[in-house]
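K.L.:
Would you mind keeping the following structure in view while I ask a few things?
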Amino acid sequence: MPDHKERPASALAHGPAKSEDIERSRRDVAAAGDHASGAPEVKRAVREMEAACETIREDLDEIKRTVVAEAPR
């Protein structure tokens, strides 16, 4: 449901954009940029997940080396 401050898309198609439309668009673009860059807590969570994945890879590599070394020939 559109926000009560939003104008329908067809409103812009019937004439030039008003200054309020341009300002709203600029705010929306700035907000989207802020959102896309990610909040600090999101970046921290991503780093923690990457570290956990690296640890899992190292553990798997060690298990593989152990299994290969112990495999009967």
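Values quoted throughout were computed directly from the atomic coordinates according to the rules given, and no laboratory measurement underlies them. Just so you know, these numbers come straight off a predicted model, no measurement behind them. Neighbour counts are summed over all protein chains in view; Cβ atoms, including those assigned to glycine, are modelled from backbone coordinates with ideal geometry.
K.L.:
At a Förster distance of 35 Å, what's the computed FRET efficiency of residue 47 paired with residue 22, Cβ-Cβ distance as r, to 0.05?
P.N.:
Rounded to the nearest 0.05, the efficiency is 0.40.
K.L.:
If you split all Cα-Cα distances of region 19-70 into 5 Å bins from zero, what percentages do you get per bin, shortest first?
P.N.:
4, 17, 11, 11, 10, 9, 9, 7, 6, 5, 4, 3, 2, 1, 0
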